[in-house]
Amino acid sequence: MTRFFLSVGFAFVLFLVTFFGLVTMIEFWLLENWFEVESLTGIKQKEWLNNFSNMALYSSLIALAATFFWHIFGYFFYRIKSWQIAGSSRLTWGLIFVVMLIGVLVFGWLWTTPTQDEGKLVACGFYLLNAIFIYCVSSWVLSPATVKYAPIGAGLFAPIGNIFMRLFYRN
C-alpha cells in the first residue's frame with residue numbers, strides 16, 4: 001500500500017514539474033511569439049493565452065487522473081497471484097490512454113477560444129502533447145510491479161523507476 005501512495009505521489013510530482021516547468025513555458029512562448037493569435041470573438045492575445053494556460057492545466061489534470069486510474073488498476077486489479085488476468089494489462093493501459101486522449105481533445109476543443117490563425121488547433125495539439133507526456137512518462141517510470149512492463153515502451157524506462165523506488169522506499 002505504501003508503494004501505491006509513493007508512485008502516485010511521484011506521478012503528482014511529475015505532473016507539477018511538467019505543468020509548471022519548461023513544457024508549458026515553451027508552449028506559451030511559442031504561442032505568444034510565433035503565432036499571431038487574433039481571436040474571432042474579439043479577445044486580446046493576452047487573455048487568450050490565459051485561457052490557454054487554464055486549459056493546459058485542465059488537460060494535465062485529466063492526464064493525472066488517467067495515471068491515477070492506471071495505478072489503481074495495477075495495484076488492486078492485476079494481482080501477482082493471478083498472472084492470467086495480468087495478461088490484459090497492456091490492453092487496459094491502451095484503453096485508458098485512448099479515453100484520456102479523447103477527453104483532452106474534446107475538452108480542449110470545446111473550451112478553447114477560436115482564433116484566426118489555427119491557434120485553437122495548435123493549442124489542442126499542445127494539450128495532447130502535455131497529456132501524452134504526463135501519462136506515458138509516469139506509467140513508464142512508476143508503474144506498479146505487477147504491470148511494470150505493460151505500457152508500450154516501458155522496458156526502456158523501468159530501470160529509472162527502480163532507482164526511484166530504491167531511493168525513496170526502504171523495506
Pseudo-spin-label distance Val106 to Asn51, built 7 Å along Cα→Cβ, given in nm, is 2.1
Here, Leu129 and Ser88, labelled 7 Å along Cα→Cβ, have an inter-label distance in nm of 3.6
Counting only residues 5 or more apart in sequence or on a different chain, those whose built amide H sits under 5 Å from that of Thr115 are Leu40, Lys120
Karplus ³J(HN,Hα) for region 138-148 (6.51 cos²θ - 1.76 cosθ + 1.60, θ = phi - 60°; Hz, whole; x = Gly/Pro) runs 5, 7, 5, 8, 10, 5, x, 4, 5, 10, 4
Ordering 45-53, 133-141 by per-residue average of other C-beta atoms within 10 angstrom, highest first, gives 133-141, 45-53
Proxy exposure order for Leu142, Leu57 (fewest C-beta within 10 Å first) is Leu57, Leu142
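Any read-out appearing in this document is the output of simple, stated calculations on the displayed coordinates, not a laboratory observation. Every value quoted in this text rests on a predicted model; they were computed, and no experiment measured them. We place every Cβ from the backbone using ideal geometry, glycine too, and count neighbours over all the protein chains shown.
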